[in-house]
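The values are calculated or read from the model by the stated rules, or taken from the named source; none is laboratory data. Everything quoted here is computed from the prediction, not taken from an experiment. With ideal geometry, Cβ positions are generated from the backbone for all residues, glycine too; neighbour counts draw on all protein chains shown. We work out accessible area using only protein heavy atoms, side chains counted, and drop any ligands, DNA or RNA first. Shrake-Rupley method; radii C 1.70, N 1.55, O 1.52, S 1.80 Å.
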Amino acid sequence: VWCGGVAPSYGRGEARLGRWYHRGASGVPVGAAVLILVLMFAAGQSYVGRFLTPRLLSSLLVDNAYLVVLAAGMTFVILTGGIDLSVGAVMAFTGMLAAKLLSTGVPTAVVIPLMIASGAVFGLIVGVLVNYFDVQPFIASLAGMFLARGLCFVVSLDAIQVKNTTGLGVAAVKLGTF
């Protein structure tokens, strides 16, 4: 359905572009992101020379796997028409608290469920504010973000090193040699 009830008239060359545009040019942002990624990889390869190696690509994927999980979750939130600004700050808080607990000797089997529960409590607080107190999601998640950021400073102002990683079985696994 065209606005105003009248379909726009295009010339022969403009017809294809007009149909493509009106059918939804939603592939343009994805194409632009892929093009930027390819250009960044090409620039890295030309500058360093050994940039596109399997070891580096594996390291990029392994080191940033949590971001993929985070992005998938945020995609569902955005697709349902919501917004949550507190996700990054809650992730930082749970990471800081986990590092603090691990550095003091708390077992990994206790820390991981505790961090999942603490992240869920933040989500519950924001959800209760939105659903039961009719606070706008933007404001509620902004408050959750500031709360999580403030709690990060309460946990520690300095970098926390976890020296004993025997409980972290993933750290000892080799994924192959390149």
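Observations on the structure shown:
- 3J(HN,Hα) along region 68-85: 5, 5, 4, 5, 5, x, 5, 4, 5, 5, 5, 5, 7, x, x, 8, 9, 7 Hz, from the Karplus curve 6.51 cos²θ - 1.76 cosθ + 1.60 with θ = phi - 60°, whole Hz, x for Gly and Pro.
- T104, T94, reordered so the largest accessible area comes first (probe 1.4 Å): T104, T94
- Debye-sum result for region 20-117 in log10 I(q)/I(0), which assumes one identical scatterer on each alpha carbon, at q = 0.10, 0.12, 0.14, 0.19 Å⁻¹: -0.50, -0.69, -0.86, -1.09
- Taking all protein chains together and a 1.4 Å probe, the residues V38, V106 rank V38, V106 from largest to smallest accessible area.
- Model label sites at V106 and R55, defined 7 Å from Cα along the beta-carbon direction, differ in position by 3.6 nm.
- At R0 = 35 Å, FRET efficiency that the Cβ-Cβ distance of A33 and A143 yields, to 0.05: 0.65
- Amide N proximity, region 52-76 versus Q45 label position 7 Å along Cα-to-Cβ, cut-off under 18 Å: 52-61
- In sequence order, calculated HN-Hα J values of region 110-118 (Karplus, 6.51, -1.76, 1.60; Hz; x Gly/Pro): 8, 5, 4, x, 5, 6, 5, 5, 5
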